[in-house]
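See below for the structure under consideration.
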Amino acid sequence: MTELTPTSSLLRRRLKRRSIKTKILRALLVLSLLPLVLFAAVVSRSSVVYVRDHVRSTLIRHARADLVRMARDQADISSIKLSEVAMATRMVAFFAQTLLSNPSAFGRARSYSAGEKPDNRDSAPSYTLAPGVLMTAAEPVLALSGNLAKVFALIKKDAPNAEGIYYGTQSGVYVEYPSHTVMSDYFAFALKPEFAQYLNEGGEIPEQMRRAFRENDVVLSRYAVVSTIDPDNQWLIRDSEHNWIFSVRRSETGLGVYWEYDPRDDPWYRDAVGRDGVAWTKYSNWSGARFLFELKPGSEGQITDKVSPSLARAFADRQITLTENSRVSIGNAGNWQLQDKDGNHYEIRNQNGKLRVYDVDVLTASRAVLDSQGHLAGVVGLDFNMHSFGRQFLHTPDDERRINAFVLNERGELIDKETDDMFVPKAGGVIPTKMAAGEAGITYDAGSATYVAYAPIRSMFSPDGKSFWSVGVSMPEAGMTLLANELTQRIRFTVGLAGASIFAGMIILVVFAAIRIWMGITEPIEALGAGVKRIGSGDLDHRLSVSTGDEIEELANAFNKMAVDLQTYIKNLKQTTAENERLGSELRVARDIQMSFLKKIFPPFPNRSDFSLYATVVPAREVGGDLYDFDLMDETRLVFYVGDVADKGVPASLVMAETITLMRLASQQKGITPAEILRQVNLALSTGNENGMFVTLFIGILDLKTGELSFSNAGHNPPLILGANGNSRFVTLPDGLVLGVMPEAEYRDDTVCLEPGDMIVTYTDGVTEAMNPDRKLYSEAHLRETVATLAGRGVRDTVAEIVASVRAHAAGAAQSDDITVLAVSRGGRILPGMQSELSQAVAS
């Protein structure tokens, strides 16, 4: 019986199989309808509007995400940079506090008065006394504070952008580094004796007195007041707007006017008082101005008591926006003081006939210093010029989109911005309020048609911890839609050109219609084959151009999409590789900086035969947290220590650097013990340790004559002593809490005697906790077995063999922690393995 194919199946086959006639018929229909379709596309602008709006919304969405990411990156960079400045400020405050708590440990060091000129500005700081402070009362403070020169020089070297480092005391003494001549207690001019009657009245400065000051090139502001110190003999004049202080004293010839300075009146001092941490202050420092540019000759006539259009244009050429008709103050000696629209202050000075413009705003990091009873003793501060601040922290792409960054403090006030003509939201508005609250995101400002992305600088916050400094990145809406506008213009041009060319194109299409229909049967298949070969050979820029309306065109489109996806993947891969290489380079630089803190020249004391020492560190990452150091405290005592920061990477390297610096400073004190060194360093690390990072550390002081080793411990691994007879034993350590956790932690000393030829081996837990692929620990027992086989070997060989043994145990497993080993051998008799090291030391 013959089976009949269902009618529906035959119908589907006929519809799927297309003959040449069918294709020709459809082609002719398309050619007939094409003018109508093109006309509808030309006259209908809805399609163009839709494409434009779609492209615009897509670009804005991606740009918003990029802007937020950029703000977070800028905030992270600023947080790291400003944390370094805060750390330097804490170090200066710690050293000043150490001076106050233990003055007997330091000798007298000379400070120069502001009127003196030392042979070397870096040799000593200069000092200034506030009005009413007698030299007899200030001498004890000056004799002690002169010791700050060394730590000032160290901080200045590590922070080259710091304009100045200084210490102001609650008693009215001001010490500044480098040595700087300021107008303090300097004779300014003389007044007639009869002016005493105006001064005795106190309060507001009378007009007769203002006129006398103006005649001597000093223009007092309307806020200047006078107070009587000694009636008919001595008075003080304070000008809060200019931060000026004058003392007026009676002499045989009349009344002498002198410049004075009191650090306790400055914002940097007041902001730090009562604050447990570093305070950041932006204020005008007229004596620490920084030169910006010079006005053209003949500009004197442009300067009046208000900003003229020509003066505004001169500043605009330097990207500084002045508000026309805003106030200009006449300062000392015919100088002029003014501010731009963002509140930044400038001074125009007439110097040798030239008008030079100076920036007078500074950013100061300051911290209070307490005495041994916990009372305020003074404040230390580090100055940074605002132009220097912007160059370090604000970096955005320089393109036509006009993306720029700015920084606001915890009160929403502008600290600095990348360019003068950029948009910055006004304090008190919605955006500054969100930024001060520590929010991260993006907000559109309708008034300026600008998008502002923002992210907090988490290391910079108000005393109550509720408000933060924040980085904002602004971008005009026109910058976001720049590409969309260009695409819209191109679409409009293309549609217009198509409408004008349609008639000529139709004639050509009709003539060649038959030829193209015939070629359309075979050419797409040949083009598809050739194009697939080109794409397969690596030419990803090639695109298949097949328009058959069937499966061949779908296949060609699929190959085109594959090529585009491959190009996008390769581009992203290159960008990711470049970013990883940049991060790797930065980590290598960080490793070099960290390694520079460790001594690497061995033997360190080649002329000494009574002991030998060698140490090494193998970081688990580019930068690590292990540390070691050693030094001769005097001719007979050697101090050495090994420590481990409880973290890895860049944060651990910063704590490691701070720990070494503190240990070196503490160990320089005469007669200090290991336990006292740990106590002082623990106190410094615990102060302001908001991240909870801590350090384990073993320290020993070896008497090279007697062999007595005094040691103390802060939660570290016990060292090994390898005797000259080959016996080895672990040292029993006194209890001691890790450094940086509890400021009141106490530490105890213990002693052990090293006989001639004995060696002590110290290490970090990267040795005993190294694991092999089976996750088996190296262990202290394995370490003791290894050390026991090294009897008679020198310190260099001993350290090398221990590291080699650890690596052999790891058997290729990834290193999970830093490996640090330091060995010290007491001289006396030369063992066979030590003879080669002694020979190398003598030869070097």
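A few remarks follow.
- Set of lysines near Lys150 by C-alpha distance (under 22 Å), chain-local residues within fewer than 8 positions excluded: Lys117, Lys599, Lys670
- With every protein chain in place, region 730-814: carbon and sulfur % of accessible area (1.4 Å): 50 percent
- Unit Cα scatterers, Debye sum, region 178-261: log10 I(q)/I(0) for q = 0.11, 0.19, 0.23, 0.26 Å⁻¹: -0.26, -0.78, -1.17, -1.52
- Loop-resident GluC sites (Glu not before Pro) (DSSP state other than H, G, I, E or B) in region 664-733 with no more than 15 further Cβ atoms inside 10 Å of their Cβ: Glu690.
- Area accessible to solvent at Arg250, 1.4 Å probe radius, in Å²: 100 Å²
- Sparse-neighbour loop sites [trypsin sites (Lys or Arg not before Pro); region 638-708; at most 13 other C-beta within 10 Å; DSSP]: Lys670, Lys705
- Sequence-distant residues sharing a close amide H with Thr450 (under 5 Å, placed H): Asp445, Glu477
- Accessible-area composition of region 393-476, carbon plus sulfur, in percent [1.4 Å probe]: 49 percent
- Amide H contacts under 5 Å for Trp244: Asp239, restricted to partners 5 or more places along the chain or on a different chain, H placed in the peptide plane at 1.01 Å from N.
- Tensor-based shape of region 592-696 (alpha-carbon gyration tensor, a/c under 1.5 rounded, otherwise prolate or oblate): oblate
- Partner aspartates and glutamates for Lys571 [C-alpha distance under 16 Å; skip if fewer than 8 residues away on the same chain]: Asp539, Asp541, Glu579, Glu581
- Semi-axes of the equivalent ellipsoid of region 752-818 are 24, 12, 10 Å, computed as sqrt(5λ) over the eigenvalues of the C-alpha gyration tensor in descending order.
- Here the average projected area of the convex hull drawn through the C-alpha atoms of region 233-378 stands at 12.4 nm².
- Surface composition of region 294-386: carbon plus sulfur atoms contribute 45% of the solvent-accessible area (1.4 Å probe, protein chains only, all chains present).
- Area accessible to solvent at Lys306, 1.4 Å probe radius, in Å²: 100 Å²
- Probe 1.4 Å - accessible area at Glu755, Å² to nearest ten: 100 Å²
- Nearest-20 debye value, region 698-820 charge dipole, Cβ charges on Lys, Arg, Asp, Glu: 460 debye
- Under 23 Å of direct C-alpha separation, and excluding same-chain neighbours fewer than eight residues apart, Lys466 reaches these lysines: Lys81, Lys282, Lys426, Lys434.
- Charge tally for Pro463 (other residues, Cβ to Cβ under 11 Å; Lys, Arg +1; Asp, Glu -1): -2.
The values are calculated or read from the model by the stated rules, or taken from the named source; none is laboratory data. Remember, it's a predicted structure, so these values are computed and weren't measured experimentally. Neighbour counts run over all protein chains shown; Cβ positions are idealised from the backbone, glycine included. Side chains are part of the model used for accessible areas, which takes the heavy atoms of the whole protein and leaves out ligands, DNA and RNA. Shrake-Rupley method; radii C 1.70, N 1.55, O 1.52, S 1.80 Å.
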